[in-house]
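These notes concern the structure reproduced below.
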Amino acid sequence: MRAAVDGAGFLLPVGAGGVAAGATVWTVAQVWRTCDVGNGSANGAVLLLLLPVLWGVFAALWTAVLRAFGAGRRTGAVAAALCGSVGLAWALVSWIGVLDSYPAPVCPGNVPPWWPAVVPV
């Protein structure tokens, strides 16, 4: 019964999921803007529709990890969920943001110049 009353059990996944989804959508938008992919308003509409979907995915990830670890190991659960969120965000940016099929003359290999060389795409 305590889990139903515990506000942090609900707010942490929703808040962290929102932050992770927003950061992912923002990074994809920056990649598309730098590499001159598509139309700005169409890209904005796609990303606006993608934001709540990603928010739900990241919130579900955080919820699953927090429940798997249990209430006694909250610090480890947050660390694991954070690592999972970073990994999922990197995979989504690499999959959605870096388009192989779009001939972008601005970005060689469709990778923006500001992308860190140590992070593979």
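The values are calculated or read from the model by the stated rules, or taken from the named source; none is laboratory data. What you are looking at is a predicted structure, and each value in this text was computed from that prediction instead of being measured. Backbone-built Cβ (ideal geometry, glycine too); neighbour counts: all protein chains shown.
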**Prompt:** Taking only pairs six or more apart or across chains, which ones have beta-carbon atoms under 7 Å, a first residue in segment 3-16 that is more than 11 Å from Leu66 (Cβ to Cβ), and a second residue that is modelled with pLDDT of 80 or more?
**Reply:** Val14/Ala59
**Asked** Does Ala42 count as without any contact (Cβ under 8 Å) to a residue 60 or more places away in the chain, more than 16 Å from the chain's Cα centre (by Cα), more than 13 Å from Gly17 (Cβ to Cβ) and surrounded by 17 or more Cβ atoms within 10 Å (Cβ to Cβ)?
**Response** no
**Request:** Could you figure out which of (1) within 18 Å of Ala16 (Cα to Cα); (2) surrounded by fewer than 16 Cβ atoms within 10 Å (Cβ to Cβ); (3) in contact (Cβ under 8 Å) with a residue 40 or more places away in the chain isn't true of Gly87?
**Result:** (3)
